[in-house]
Amino acid sequence: MERMSDQPARWSQATVYPDMWADPDDDPRNSEGPGPDGEFATLQQFLTDYRMTLRMKCDGLDAEQLAHRSIPPSTMSLLGLVRHLAEAERDWRNWISDGDPLPKLYGEKDADFNGAVAEQAVVDAAYFDLEREQAATDAALAEHPDLSERVGKDRIAVRELMVHRIEEYARHCGHADLLRERIDGRVGQ
């Protein structure tokens with residue numbers, strides 16, 4: 001006798017490799033030819049790909065699904081991740097600034113996750129915040145092309161900040177894999 005389950009069935013749109021998110025020819029992260037030249041460009045390309053991966057993990061979901069906390073007791077949701085990474089981008093910009101820090105986007109600790117509610121206006125605002133904060137941090141770091149340069153009050157090396165940004169997105173893309181699979185069965189890549 002087959003048991004009933006609240007687990008969604010695993011699925012993927014990929015046809016060539018069914019355990020992948022997208023077929024290689026359809027994956028916007030794949031590019032033909034050699035990779036970027038130079039360390040800064042290489043780090044930026046990895047960051048760009050992880051940012052795109054997060055967006056892909058959220059693609060096709062409505063506000064309720066994006067806000068769904070699918071791995072209790074965690075407060076983490078896909079929408080919460082989008083909001084968290086917008087907040088992180090702002091924090092990273094604060095790290096490289098010599099001035100007063102910019103205020104938090106969402107308020108007190110964990111407000112990025114706790115405020116991730118199933119309302120389309122909250123979803124739209126989160127994506128807007130993320131894009132704005134990413135662009136602002138990218139612009140601020142573009143002023144420091146020397147990866148060995150130490151910036152901000154704590155004199156953090158630009159290289160360390162770039163690697164930390166990649167690590168943060170990569171880690172949260174792993175969380176997004178699990179969250180998405182629990183929502184609708186879509187497997188990660």
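Would you check which residues across region 141-159 are assigned to a helix (DSSP H, G or I) and modelled with pLDDT of 95 or more and list them?
The answer is Val158, Arg159.
Among (1) more than 14 Å from Glu89 (Cα to Cα); (2) at pLDDT 95 or above; (3) not aliphatic (A, V, I, L, M), which single condition is Glu167 missing?
Among (1) more than 14 Å from Glu89 (Cα to Cα); (2) at pLDDT 95 or above; (3) not aliphatic (A, V, I, L, M), Glu167 violates only (1).
Quick one: would you say Pro36 is surrounded by fewer than 17 Cβ atoms within 10 Å (Cβ to Cβ), within 18 Å of Ala118 (Cβ to Cβ) and either modelled with pLDDT under 90 or touching a strand residue (DSSP E or B) at 6+ places or on another chain (Cβ under 8 Å) (or both)?
Criteria not met by Pro36.
Considering only region 151-185, how many residues are without any contact (Cβ under 8 Å) to a residue 60 or more places away in the chain, at negative phi and small (Gly, Ala, Ser)?
Counting residues in region 151-185 that are without any contact (Cβ under 8 Å) to a residue 60 or more places away in the chain, at negative phi and small (Gly, Ala, Ser) gives 2.
Name the pairs whose Cβ atoms lie under 7 Å apart, with the first residue in region 41-56 and over 12 Å from His172 (Cα atoms), the second surrounded by fewer than 20 Cβ atoms within 10 Å (Cβ to Cβ) and of a type in the set (Gly, Ala, Ser), and 6 or more positions between them or separate chains?
Qualifying pairs under 7 Å: Thr42/Gly35; Gln45/Gly35.
Counting only residues that are without any contact (Cβ under 8 Å) to a residue 40 or more places away in the chain, of a type outside the set (A, V, I, L, M, F, W, C) and on the phi < 0 side of the Ramachandran plot, how many does region 95-112 have?
Qualifying residue count, region 95-112: 9.
Could you please let me know if Gln120 is within 19 Å of Gly60 (Cβ to Cβ) and polar (S, T, N, Q)? It would help to see each step written out before you state the result.
Values: within 19 Å of Gly60 (Cβ to Cβ): yes; polar (S, T, N, Q): yes.
When the stated conditions are applied, Gln120 passes them.
With respect to Ile156, is the statement that it is open to solvent by 10 Å² or more (accessible area, probe 1.4 Å), touching a strand residue (DSSP E or B) at 6+ places or on another chain (Cβ under 9 Å) and over 15 Å from Arg90 (Cα atoms) true?
yes
Identify, from the list Gly115, Gly185, Gly99, the residue that is within 25 Å of Met76 (Cβ to Cβ) and surrounded by fewer than 14 Cβ atoms within 10 Å (Cβ to Cβ). Walk me through it before giving the result.
Values: Gly115 fails: surrounded by fewer than 14 Cβ atoms within 10 Å (Cβ to Cβ); Gly99 fails: within 25 Å of Met76 (Cβ to Cβ).
The unique qualifying residue is Gly185.
Go through region 108-138 and give me each residue that's modelled with pLDDT of 95 or more, among the small types (Gly, Ala, Ser) and not in a loop (DSSP other than H, G, I, E, B).
Those that are modelled with pLDDT of 95 or more, among the small types (Gly, Ala, Ser) and not in a loop (DSSP other than H, G, I, E, B): Ala121, Ala125, Ala126, Ala135, Ala136.
Could you figure out which of (1) over 19 Å from the mean Cα position of the chain (by Cα); (2) open to solvent by 40 Å² or more (accessible area, probe 1.4 Å) isn't true of Asp124?
(1)
Exactly one condition in (1) within 19 Å of the chain's Cα centre (by Cα); (2) open to solvent by 40 Å² or more (accessible area, probe 1.4 Å); (3) under 28 Å from Gly38 (Cβ atoms) is false for Leu161; which is it?
(2)
The values are calculated or read from the model by the stated rules, or taken from the named source; none is laboratory data. Everything numeric here is computed off the predicted structure, so don't read it as measured data. Reconstructed Cβ throughout: ideal geometry from the backbone, glycine too, with neighbour counts over all protein chains shown. Surface areas here come from the heavy atoms of the whole protein model, side chains and all, with no ligands, DNA or RNA. Shrake-Rupley method; radii C 1.70, N 1.55, O 1.52, S 1.80 Å.
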